[in-house]
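Data block below; observations after.
The values are calculated or read from the model by the stated rules, or taken from the named source; none is laboratory data. Remember, it's a predicted structure, so these values are computed and weren't measured experimentally. Cβ sites come from the backbone with ideal geometry, for glycine too, and all protein chains shown count toward neighbours.
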């Protein structure tokens, strides 16, 4: 009994201590604040069709963290921390899903870019075909000009025949003068004057033929000038015709004056002997006029030969235009305001290297062949790099690359005074530097061949 | 007689019964022991912040990076006051915040690459239209 009276108060003390301990360590469970909001945020992410499936691992982690955050905790600090972690993990899952979504979009953007580039190339080919058509039209114009020149040569021939006829008229007039001794001196002088006019007209014909030759040379360079000179030739031929007609009229006047002089036969009889000698001289002059007409005919024949040569030159020009087009097509040259730009192979240099890869050598040999074939063209070489490394280093590297190409062209026999080279560094990328493919395209050398100088055409 | 054979066991500690002594010991072990410092969590948080800084998070996700750094400072302060569990939780929060800064940085970079590509596409199309206008 003694034992029980002592143990009862002891048990009460133990119970009180235990109750004190539970009240200290184990307050009533706290419902986590913010757990509902985090669950709502997770649900929104999971119901977004663009993002729901794009970051499965991060989403799984976020779901686990939200589940932990929803467990009631006795300690408020633990509950708050769990909600905080769940909230950030949901944010991480959303961010990773958006990143993946952007990366997936990139494929589509790259396809759009490829399509745009293809359209651009197609457009350039169309422009090239348009230029070819214009060149064909210009050739047709030149053919027409050659035909006009031929017609002018025919006109010059006709004018030479007229000169011959006038020379015949002068002969006749000289014969009349011989028959009429009294007037002979006067008439002989007239005949001499007519022969002089005929000579002048023959000289005009020669000048016409020269003008035709000049115009045949000129229309190759400038169509408008050729047409103008042809018009001038025609005008001069008309003037020659007019002067020949004048000579005929003068011959008629001379005949009239010879008829008048017949009445004064007595006066002239005393100088008949002298006149006979002078008539002989007039004969000689008429023969000279005939010879002049022959020379005019020869010069007309020469004009025709030159027109043939002009035809041949036009054909050569057509062939050289086709050859030029062919060479440019082989090099995939791109026409610009400054000239034809040839981008030498996307794979011509390795990273940080200035040595040529063998794959670009055929392209460079074509450039050498082109420059040898067209010695009036000059060439500008510009080197470019990607954005790896410092800009100073890249500037030096691009200079070395441009110089490598210059040295290669020089070794191929191109005069170094026709070549300029410069390094442009990383300043003008043609492609995205984020991908290795883009950087490869940026490591390049552009060779710009100047347009043909206008004077050489 | 049994209680007299070993009196010091039943009333040895200030007269308290054995079960009470055991309960107090258990409570002391559960509530008042000093756990080891959360070294692993602190290291993980520092590493995550370093990774985010290397990825240029200071430019793309500055608020998140700042909060991660603040949480790490708080964690170190808590550990210094021997609040090891609070320090461990703050270190874990710091690490997750730094992970978020990292994710946001990657997202911002991906967005800027896409923008750049779209701009480049627009430039190609514009150039083509200009050429078409100049030489119809």
Evaluate the following for residue B:100: is it facing another protein chain (nearest Cβ under 7 Å) and modelled with pLDDT under 95? no
So how many residues does region B:73-97 have that are under 22 Å from residue A:75 (Cβ atoms) and more than 9 Å from chain A (Cβ to nearest Cβ)? 16
Please verify whether region A:79-98 includes one or more residues that are surrounded by fewer than 18 Cβ atoms within 10 Å (Cβ to Cβ) and at pLDDT 90 or above. no
Could you tell me which of the residues A:361, A:367 is assigned by TED's automatic domain parsing to the domain that holds residue A:426, crowded, with 17+ Cβ neighbours inside 10 Å and at pLDDT 75 or above? A:367
Having 3 or more residues that are over 19 Å from residue A:335 (Cα atoms) and touching a helix residue (DSSP H, G or I) at 6+ places or on another chain (Cβ under 8 Å) is the bar; report the strands (runs of 3 or more DSSP E) wholly within region A:353-457 that clear it. A:419-423
So for region B:98-107 (the condition being surrounded by 15 or more Cβ atoms within 10 Å (Cβ to Cβ), in contact (Cβ under 8 Å) with a residue 24 or more places away in the chain and out of contact with any helix residue (DSSP H, G or I) (no Cβ under 6 Å at 6 or more places or on another chain)), does at least one residue qualify? no
Check whether at least one residue in region B:110-127 is more than 8 Å from chain A (Cβ to nearest Cβ) and within 38 Å of the chain's Cα centre (by Cα), and report yes or no. yes
Some residue of region B:31-42 being modelled with pLDDT under 90 and within 9 Å of chain A (Cβ to nearest Cβ): yes
